[in-house]
Amino acid sequence: MTGNSLDIKHNQLEKLKQLFPEAITEGTVDWEKLQASLGKENIEFQNERYVLNWAGKTDSFRVLQQSTTATLKPCPGEGINDGFLPSP
């Protein structure tokens, strides 16, 4: 025990990094990205240095939040590069 108190801010930021890595920018929380990750609609990203906008960007964040059953399943022997991958 060092006698120092816990760095609560650092601990909470680390928890957020685990849950929402896309919302942490340069060691701080990007609130707009966090809101988008949580499904908020119609967010205008104001502080981005390099902006990539397109029609439906907000919708794409919403779709990312939806659950799916469309998981890809490997099919050994059916791929074109099967000879290059190690066998399980």
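Would you please name the residue that is modelled with the highest pLDDT, looking only at residues in region 28-45 that are in contact with a helix residue (DSSP H, G or I) (Cβ under 7 Å, 6 or more places away or on another chain) and part of a loop (DSSP other than H, G, I, E, B)?
Checking each candidate, the answer is D30.
Quick one: K73 ticks every box in (1) modelled with pLDDT under 80; (2) over 25 Å from K15 (Cα atoms); (3) surrounded by fewer than 10 Cβ atoms within 10 Å (Cβ to Cβ) bar one, so which box is it?
Just one mismatch for K73, condition (1).
Name every residue in region 8-27 that is modelled with pLDDT of 85 or more and not in a helix (DSSP H, G or I), in order of residue number.
Matches in region 8-27: F20, I24.
The values are calculated or read from the model by the stated rules, or taken from the named source; none is laboratory data. Please read these numbers as outputs of a predicted model, since none were measured by experiment. Neighbour counts run over all protein chains shown; Cβ positions are idealised from the backbone, glycine included.
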